[in-house]
1. Once you place label points 7 Å from the Cα toward the Cβ at S18 and D429, how far apart are they in nm?
2. Students often check this: by mean Cβ neighbours within 10 Å, which of 79-88, 833-842, 938-947 ranks highest, and how do the rest follow?
3. Could you give the length gained by full extension between S341 and S78, i.e. 0.36 nm per residue of separation minus their alpha carbon distance, to one decimal place?
4. Give, in nm to one decimal, the length gained when the segment between D664 and D56 is fully stretched (0.36 nm per residue of separation minus the Cα-Cα distance).
5. Once the other residues with Cβ under 14 Å from the Cβ of F148 are scored (Lys, Arg +1; Asp, Glu -1), what is the net sum?
6. Using a 1.4 Å probe on the protein chains only, how many percent of the accessible area of region 160-294 belongs to carbon and sulfur?
7. Indicate, rounded to the nearest 5 percent, the antiparallel portion of the DSSP beta bridges found entirely in region 14-129.
8. I'd like the distance separating the alpha-carbon centroids of region 688-715 and region 561-582, in whole Å.
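The values are calculated or read from the model by the stated rules, or taken from the named source; none is laboratory data. Owing to the predicted nature of the structure, the values given are computational and were not obtained by experimental measurement. Cβ atoms come from the backbone with ideal geometry, glycine included; neighbour counts cover every protein chain shown. For accessibility, only protein heavy atoms count, side chains too; no ligands or nucleic acids. Shrake-Rupley method; radii C 1.70, N 1.55, O 1.52, S 1.80 Å.
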Amino acid sequence: MERRNDGGGGGGGSGGKSKIKIGVCVMEKKVSCSPMDQILERLRAFGEFEIIIFGDKVILQDPIESWPLCDCLIAFYSSGYPLEKAEKYAALRRSFLVNELAPQYLLHDRSKVYQQLKLYGVPVPTYAVVRREYPNQELSYFIEDDDFVEIHGKRFCKPFVEKPIDGDDHNIMIYYPSSAGGGMKELFRKVGNRSSEFYPDVRKVRRDGSYIYEEFMPTGGTDVKVYTVGPGYAHAEARKSPVVDGVVMRNSDGKEVRYPVLLTPSEKQMARSVCQAFRQAVCGFDLLRCDLGEARSYVCDVNGWSFVKSSYKYYDDAACILRKMFLDEKAPHISSTIPTSLPWKISEPAQPSDSVRYHERGTVGISRPSEELRCVIAVIRHGDRTPKQKVKLKVTEEKLLKLMLKYNGGKAHAEAKLKSALQLQDLLDATRILVPRARSGRESDSDVEVEHAEKLRQVRAVLEEGGHFSGIYRKVQLKPSNWVRIPKDNRDGEEHPVEALMVLKYGGVLTHAGRKQAEELGRYFRNNMYPSEGPGLLRLHSTYRHDLKIYSSDEGRVQMSAAAFAKGLLDLEGELTPILVSLVSKDSSMLDGLQDGTIDINEAKVQLHDIITSSKVANCNKPVEFPWMVDGAGVPKNAAQLLTNLRDLYNERKKRFDTTQIPDIYDSCKYDLLHNAHLNLTGLSDLFKVSQLLADGVIPNEYGINPKQKLKIGSKIARRLLGKILIDLHNTRREVTAAAAESNMHDDKAVSSAKRKERCHYEEVRNECFERSGSNNKSIDLDESHKETKYCLDPKYANVVEPERRVRTRLYFTSESHIHSLMNVLRYCNLDESLNGEESLVCRSSLDRLLKTRELDYMSYIVLRMFENTEVPLEHPKRFRIEMTFSRGADISSLESVQSGGKASLLPGDHTMPIMEPERLQEVRSYITLDKFDKMTRPFAMPAEDFPPAAPSQPLPVRFCKDVERQGAKSQHNSDMLSGISKRKTKKLQE
């Protein structure tokens, strides 16, 4: 039997009286770990306790009757631990238990853990249980499909999580949908620097045992670990989630990097409930902070006795709380009040401070010592892709028309979009049946019938490509184009479609080069767009001072570009699918499509065709003061002659050139020149040169042949995006203003006149918001409407200079159309009649450059950064400044060199074109205030009241927002008012 009786010395002792015996009945590997050792040493230092370590030999081999006697018992399960034996000892000696033993059996069955949590009102993810008596047992209630499992009629669509019911089995799987590329990620206990691995070809769930299936909760790439010491104390730390890339972040001492964070009131109640539910005073659990239309927190795995790994302040707290437990139970006559000076002397090693003042780096922007970066908004085009392909055909076959009605809700006039694996498989099955019928080989077949059959075969071939629908690069649109009315019961009949236009779109796949471009641009942003040195953003993000959201259109190439960018921005590793699912939200209504501007775009294309073919090209004769103001600016003078070199564009039947195909020809030439140069395609360089000259004039003019038309089209396409950008900027200002005002209001010292003015301004803002919330007007605070769950760093432990400072980042990934549209609004918004006389947001030199920059290539982007000048009063217009920059995207100069006779060796070996450096859109000394930017752009932005409600099924990354716990109920009320929207209106908007 091992017995260690070393009560230790130090102040606060019991003055020679008998000490309370604390028995540590746990496996030796747990006793020897640093956290347990740190806390036991502190308990010894009080001088009131005798610490008795039982040891493995005693626990495993000796009968309980010979175990040491103790007043209080620390006992908890670990691998190989005889829990039943420990229970009998506790019953025999009637020792006070820090963690009760009987409930620990529950912790070894995840289904029982979830049941217990629900019983105590603790939120858990939606889940279902699959129990098997033997491997591969067939279960009538379990159904598995490509993109979902169904258990007792409850469907879990991918991504979902698969956990063994056995709580000691930590091999957890996450299965991803085919729309995101498919595959599976396995999570496991840390091995070296790995905590997960991604398997792209694994698509079927495990069938070798019993499992829990639960919905995947997007947490923005951050997990929170909560550690309790009694029901009244909880310490929380954030770490990088293993779901993202599986790489464990470690410091110079080899310990996992974690940052203490503050818990919200509801999360603190969860911690208390977990303690009570399992009667474990000391325990740990995983907290998932997510946002699925409403910010919420969920408890998943609950662990037994669990301590923080490396926080001296936490060790102090834990020792003091345990001391109080022991004294209150066994020696209530001894005061359990925490001593004014703790008896141990341990110096916490200094941690590097985090200077988060704004320091400008690189070529972007101006260095202003009094300014701090508050917001970064970027609209970014996707990376290099394969050429897009499209098959169009009119269909009258009943099978295809029924399929359209199946997926458009049975509405005769509605369009159906088929993109999921199930939908595309339905279409493929129907096409396989129709194709043989279309290949009759009869001599009577018309040319139209033969062409239709060939297109059906092409549709089938594209759908069959790859063997399964694992990608996100194929989609089909079925649009009804002709209807008949069928009488019904002597009443007006119902319309039924008898013809539809089928459009199969494929290709447009993000290339390896495109992924590399996006990842490198993400790294550039990390190192150049944010304060401090390169690692500054990473610490900012890890410590809940970075409010990051990434949005993408529905296109696969755009989604993958967003994921690759996030990988570079946050210094992640591994495959893109887990990053995509965890960090990127789809918003097709904001970032997809041209439908709102289709009529105007088609009109512009007709006018552009006339300009090109009639040689009425702008600037042919004499220079003008503003060359960008004339119709067709940028179209080459010899456009009509250049068209004759593209003879395939000539339509014999219509007797005209199809100029709308010029961008596609240029796109294909550029792709082949970059990726297929080794094929030595004859005439490719000449074709590229001609198509580039024409495309440089055609592409920007398709969005309007003159500034006013560009402004009109740009507003229609980008109005929701621009409205969301204004919401982002105003929410940032509100948050900053509220934080500054609250800080002033709680300053007990003398208040300066400047602070008094800030307080007055705060009151005005609060009153204004109060009036709005009580009226019928709708606030623009749609994205950050008030929610109780607001997360932030814990300043007591963080050793961060300015823990209250936060940077809001919003990244919008989209296609070329939105980049052109937003740029056109920014540079021509002053031409609107309501803004007559105002100067453009874009300076004259930048307008000249933009005219010459006709192509906004892959990874082109527009960035708005908002800075706060802390040296001027809160109400001053110059408190917030907007800086605008843009990049033309991929640098194709090496391609132009080759087509001009240069050496092919100048082409990049990895086929990746570098991204051009950003350029300013303003003069160096100019100053655009937030108020001016708002005034100039608001006429072209969608107002918040017209925004469609956010789809709750779309994953949204966690928001890292202003903390509300530091203040009392009054501060909470102020925060409600400053949010600009009441709870009632929030619910109305969300519904």
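1. About 7.9 nm separates the two model spin labels.
2. On the way: 79-88: 14.9, 833-842: 13.2, 938-947: 17.0.
Sorting 79-88, 833-842, 938-947 by mean packing, highest first, produces 938-947, 79-88, 833-842.
3. Numbers: separation 263, 0.36 × 263 = 94.68 nm, distance 3.52 nm.
Difference between extended and current length: 91.2 nm.
4. Details: separation 608, 0.36 × 608 = 218.88 nm, distance 7.36 nm.
My answer for the length gained is 211.5 nm.
5. On the way: positive: K154, R155, K158, R203, K204; negative: E144, D145, D146, D147, E150, E162, E214, E215.
Computed value for this residue: -3.
6. Values: 2170 of 4460 Å².
C and S atoms contribute 49 percent here.
7. Working: 0 of 11 bridges.
Counting only bridges with both partners in region 14-129, antiparallel ones make up about 0 percent.
8. 33 Å
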